[in-house]
Amino acid sequence: MGSGEVFFPRRRRLLYGYIQREMHNSGIMNSWSVVALLLCFGCEQCAYGNPAKLLQLTAEGFKEHVHTGNTCLVYFGKYADPLVQKFVEQLEMSAVALEDYGISVVLVNCSEENVVHYCTEKEVMRKAYLFRGADVLRSFEMDTIFDVNAIVSHMLFTLLFNEVRYIHTPAELVGVERLAKGKTDLVMGHVPALGLPEHRALMEAAFVYGGKYQFVQTTGAPLLKHMGVADASPAQARLWFLHCNGVSRPSEPCPHTLMKKPLSTINIHTFLQLMEAPVLVEAEVDPDEVDVIYNHLNAPVLFLFARTETLHMDRSTAETLAWRFRGELGLVLIHRDSPRVKTPPSYNTAYRLPHKEVKYFTLKNIEEVVSLIRGHPFQEDEEEEEDEDQWTSLDVLDDEVAESVYRDRGVMLDTESVLELTANTFSTAVTQNGLTVVLFYVKWDTVSMAFLQQYVEVADALEDVSDITLASVDCGEWTCVCHDQNVSSFPLVLLFRLGVDTQSYRGMLGTESLYRFILLSHLSIPFSLSSSDEVLSFLEGDLYSRHSSLSPVRVLGLFTPEDPDVAMFEEAAKFLRGEMILGLFKHKEAERWVHEHSVMLPAVLVSHGPEVPRKSHSLHLSTLQEIISDIRRATLDTFPELTVENLPWYLELKKPLLIMFVGGEESPENLRSLEEMRKAERTGRLGSWLPCWIHLGRTPAGRTVLETYLSYIPPLPALVLSQLSSVGHVYHFPTERPLLSDNIIQWLQQIDNNQEQPAGVIPDQSWRPPVPFYDFLAVMDEEVPGYAAQQRPKEKPVGRKEVDDEQKRRAGKEMTFKPQTTSYHTEL
C-alpha cells in the first residue's frame, strides 16, 4: 500500500470525482466544459485537444526546470528524423493527460542545444527520461512508449512502483495474499503486454484507488491457470477482485471475483463499486419499489421471494446466487409475508435491467434462474441516450461525504437566509457595518456541497441576530472574486468587518462549530474589567454568563496600568476572536491576583469553569505570534481527551503522544486505566511526553488510528507511545502487564534506554497527494479570451488594514493552520 494512506489524497479525489461526472455528463458540456477539460482523465479527446501543454526548453531552461523538484518526462532529440517527428506527436498528445498526474512533458532540441550526457550519442537520443527533480527515475526506449496509452501507462507504472506489486508466479500471489488477509482487498490485473490501453486503464485505477486497495499486476500466463482460466486466451486482459480483507485465518484462501467487462477506466471503477455493494439485500416491499445501490450502479437486479417458514433456506439460496453472480448483478430477497408486498403468489422471481421495468417469472429451481440470467444480456446499452437529469452508478461514492451529497441530491436547499454574492455585489456587502460571513465554494466539490447544507442551517439559526449577515460566492461562476480574496481551496469561510482584518474560519466543517465561532467572533473582545469583583465573576462564568454556552474557556490577561504591552494583548485577543472568551484586567490590583498564583506580570489566568482549578501562566511579549501561542498553550489540558477538533493544537507542542485508547463503554477498567495515567502525570515524570486519551465511542476515527499504528486492534484499554516528531516509532504497552502508573513510567524509561522494541513505524512524513493541488481558478481565468489584456495590479482585499511586514508574515503563517478532519489521520 506504499504510504499506507487511510483516505484518498486530494489529487486522487479530483480524478476520482471526474470519473463520476464522465459517466453522466456526456450531454452537459456547456458551463462544465472547462471543468471537464481541466480534469481530463483517461480521455483521449482531451489528450489531443491542447498540445500547448508540451514544454520546449533550451539547455538552460531544462536545468532550471529540473531544479524545481517536479516530475517531468524529457526527450532529447534531433527532429529531422521522420520517426522522431511521429514520436513527438505522441508526446504532444500525452502532455495534457500526464499533467493530471503532476508530470510535465519537455522537449529539448539537440540540433540547437547541447545538454551534456543527453545530446551526444545517436542511440542515447532515442530515449526519453523521467526526472524527479534532478534525479532520473527511469529511461524509456522510443519503441517502448510508442503511443499515448504506452506513455501514460509507463509513467504511472514508474510513479506507482512501490504501490503496484508486479508478480509472475502463483507463489508470489500467495505471498501478497498472506500479507493482505484481514487488512485490505486486492485488485489484480492481467495485461498481455505493458503499454496497451488496458494497461493504462489499470494504472489509472491504481493511481486513484491505490490508497484503498493493494493493486497487483501480471503479464504472464502461469497466473491465469492459478485463477481458473487456463483454457482462455492469454492475449485477453482481465481483472480480479480478491476479497482478502474479511479473511482472518492464514490458511483460508481469498475469494475472488472476475470482472466480465473489458478493461477500461469506467468499467473498472463501476466494478470496484459493485465489489463494495452488499452481497445480498433484503426488502419488505414490491420489487418495483426497491431502491438499492445496484440501481445507481446501472447493474441489473434479481429479486427472489422468501416466506417466513422457509426463510433460512431461501436466504442461503439467495446468498449462493449472489456470490455466483457478484460483479454482474445485485440480488434482493423480498419477504413475501410483508403486508407491503402485493406481488401475486404465483411469481417467485423477478428481474430488472437498468432503466427498464421489472419483469416477473415463475421458476422451478436454481438452474432455471441461472438460465434466465445467462439468457439475457445484462449489460447496459452503451448507445442508449441518457437523461441529463438521471444520476448514474458513479454518483454513489464510498466516501461518506460524497455519498451524503448523493443521498440528498433531490433535496432543494432553501437558501433565502444566505445572500448570494456576485462580482457586482461583493464589495458592497463586505463593507457594510456589522459582521459579514462569506462562504466560498464550488458546486463540483462534494465537501463544498455537503458543507453548504450545514452553512444554510447556521444562517437559519442566526437569522434573528442583528448585525450578522451570511453570504456565499460560487467560485465556479465568480472566479475573479475568489482570486482577489486569495481563495485556493474549498470550502473556505471568511469573516469581514469594516476597518478590521479579514478573519478566516479555522474550525471543523460542521454546524455547531461554525455557529459557535461566528457568535464568538461577533463579540467585542477582550472584555475590559475594572475591579477584582468583576475578575472573580468573569472567571466563574457569572459575568457575561449569556456567552458561557459558546465557550467554557475564559482567559484573563493581567497587566499593570502603565504596561505598554497591553496593546499587543488586545491585538492577540482580536486574532483569537471566535476561539475563546478573553478578558483584560489592567489595574493595580492585578499584582494581588498573580501573587496568589505564584506567577509574574504580565500573565493570564485560565478558567474552565467554577469546579475546575484555574491555571496561570506568565506571558512572553516579544512578538504578537508568541503571545498568541502562549495564550493557546495556556488553555490546553495537561491530560486531554483528543478529538478531531482539538488535535492540531496539541500537535503544535511537538511532544511524543502517550495515548490511552479506551473503549466506547464507560467500564470500570477504562476508568481505572485513565486514573493510573493521571497518577503518572501528577508525578511530574512525563515532562517529555504528552499524556492523552481517545474515547473510541466519541471519536470513532481513533479506531482507524490505532489499527494504523499496530496493524490490528488490541484488547482495550490500550496504551501506545507515538514518536511523531522523531523517527516515527510506535510502542505498545505490553498487554500482559498491569496498567499501573509505576509500570507506565518504568516502560517509558525502558523505551528511552532502547530496551523496548517498536510495535510499528510511521513514516516521518505527511500523507499528502503525490502531486500539487490543481489551481482551478487560475487556469479557468487564463483560458478566457483576452485574459492577458485584462491583467491589472491586484487590489487589496476589502476591509484589510495596513500592518507591518513582520506581523503579516507571522499572522499569515498562523492562519494557514486549519484543524480539519483529515489532519487527524495525516498527523497521527
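The values are calculated or read from the model by the stated rules, or taken from the named source; none is laboratory data. Since the structure is predicted, the reported quantities are computational estimates derived from the model, not experimental observations. No Cβ is skipped: glycine too gets one built from the backbone with ideal geometry, and neighbour counts run over all protein chains shown.
Would you pick out the residues in the stretch 568-599 that are β-branched (Val, Ile, Thr) and touching a residue at least 24 places away in the same chain (Cβ under 8 Å)? Let's see the steps before the verdict.
If we filter the stretch 568-599 for residues that are β-branched (Val, Ile, Thr), which is where we start, we get 581, 594, 599.
If the condition is that a residue be β-branched (Val, Ile, Thr) and touching a residue at least 24 places away in the same chain (Cβ under 8 Å), then ILE581, VAL594 are the ones that fit.
Residue by residue through the stretch 165-190, note down the ones that are β-branched (Val, Ile, Thr) and assigned to a loop (DSSP other than H, G, I, E, B). Please lay out each step first, then the result.
The initial filter retains those residues of the stretch 165-190 that are β-branched (Val, Ile, Thr), namely 167, 169, 174, 176, 184, 187.
Of everything in the stretch 165-190, those that are β-branched (Val, Ile, Thr) and assigned to a loop (DSSP other than H, G, I, E, B) turn out to be ILE167, THR169, THR184.
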Among the residues in the stretch 601-615, are any farther than 15 Å from VAL555 by Cβ and polar (S, T, N, Q)?
no
Every residue in the stretch 142-155 that is loosely packed, with under 15 Cβ neighbours inside 10 Å and either closer than 20 Å to GLY69 by Cα or hydroxyl-bearing (Ser, Thr, Tyr) (or both), please.
THR144
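Could you say which residue among PHE241, PHE161, PHE207, PHE215 is surrounded by fewer than 16 Cβ atoms within 10 Å (Cβ to Cβ) and either at pLDDT 90 or above or not hydroxyl-bearing (Ser, Thr, Tyr) (or both)?
Values: PHE241 fails: surrounded by fewer than 16 Cβ atoms within 10 Å (Cβ to Cβ); PHE207 fails: surrounded by fewer than 16 Cβ atoms within 10 Å (Cβ to Cβ); PHE215 fails: surrounded by fewer than 16 Cβ atoms within 10 Å (Cβ to Cβ).
Every option except PHE161 fails the conditions.
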Does the stretch 571-581 contain at least one residue that is among the charged types (D, E, K, R) and within 28 Å of CYS692 (Cα to Cα)?
yes
Determine, yes or no, whether LEU329 is under 39 Å from the mean Cα position of the chain (by Cα) and in contact (Cβ under 8 Å) with a residue 60 or more places away in the chain.
no
Among the residues of the stretch 45-61 satisfying the criterion of being under 34 Å from the mean Cα position of the chain (by Cα) and surrounded by 16 or more Cβ atoms within 10 Å (Cβ to Cβ), which is modelled with the highest pLDDT?
LEU55
Out of everything in the stretch 89-141 that is assigned to a strand (DSSP E or B) and among the hydroxyl-bearing types (Ser, Thr, Tyr), what residue ends up being surrounded by the fewest Cβ atoms within 10 Å (Cβ to Cβ)?
SER139
Log entry, pairs with first residue in the stretch 647-661 being assigned by TED's automatic domain parsing to the domain that holds LEU690, second being part of a strand (DSSP E or B) and of a type in the set (Phe, Trp, Tyr), beta carbons closer than 6 Å, six or more apart or on different chains, reads MET660/TRP693
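Out of VAL290, VAL301, VAL279, which single residue is farther than 30 Å from ALA206 by Cα and of a type in the set (A, V, I, L, M, F, W, C)?
Of the residues listed, the single one that is farther than 30 Å from ALA206 by Cα and of a type in the set (A, V, I, L, M, F, W, C) is VAL290.
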For SER448, all conditions in the list (1) free of Cβ contacts under 8 Å to residues at least 12 places away in the same chain; (2) surrounded by 22 or more Cβ atoms within 10 Å (Cβ to Cβ) hold save one; what is the number of the exception?
(1)
Looking at SER673, SER629, which one is in the same structural domain as VAL553 (by TED's automatic domain parsing) and assigned to a helix (DSSP H, G or I)?
SER629
Report, by residue number, each residue of the stretch 63-108 that is under 20 Å from ASP143 (Cα atoms), modelled with pLDDT under 85 and of a type in the set (Ser, Thr, Tyr).
TYR79
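For the stretch 717-755: of the residues being small (Gly, Ala, Ser) and in a strand (DSSP E or B), which is modelled with the lowest pLDDT?
Filtering the stretch 717-755 down to residues small (Gly, Ala, Ser) leaves 718, 722, 725-726, 728, 741.
Imposing the further condition that a residue be in a strand (DSSP E or B) reduces the set to 718, 722.
Working: ALA718: 89, SER722: 86.
For the stretch 717-755, the residue satisfying everything is SER722.
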Filtering the stretch 442-458 down to residues that are modelled with pLDDT of 85 or more and of a type in the set (Phe, Trp, Tyr), which residue is nearest to LEU419 (Cα to Cα)?
TYR455
Failed item, numbered, when SER371 is tested on (1) within 24 Å of ASP288 (Cα to Cα); (2) at pLDDT below 55; (3) part of a helix (DSSP H, G or I)
(2)
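Just the residues that are closer than 16 Å to PHE325 by Cβ and either over 25 Å from the mean Cα position of the chain (by Cα) or not in a strand (DSSP E or B) (or both), please, taken from the stretch 239-272. Quick ask: steps written out before the conclusion?
Just the residues of the stretch 239-272 that are closer than 16 Å to PHE325 by Cβ, to begin with: 240-241, 243, 255-261, 270-271.
Within the stretch 239-272, TRP240, HIS243, PRO255, HIS256, THR257, LEU258, MET259, LYS260, LYS261, THR270, PHE271 meet the criteria.
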Given the conditions (1) more than 25 Å from the chain's Cα centre (by Cα); (2) in a strand (DSSP E or B); (3) not hydrophobic (A, V, I, L, M, F, W, C), which single one is not true for ASN424?
(2)
Restricting attention to the stretch 316-340, and to residues there that are under 24 Å from HIS296 (Cα atoms) and out of contact with any helix residue (DSSP H, G or I) (no Cβ under 9 Å at 6 or more places or on another chain), which single residue is surrounded by the most Cβ atoms within 10 Å (Cβ to Cβ)?
ALA318
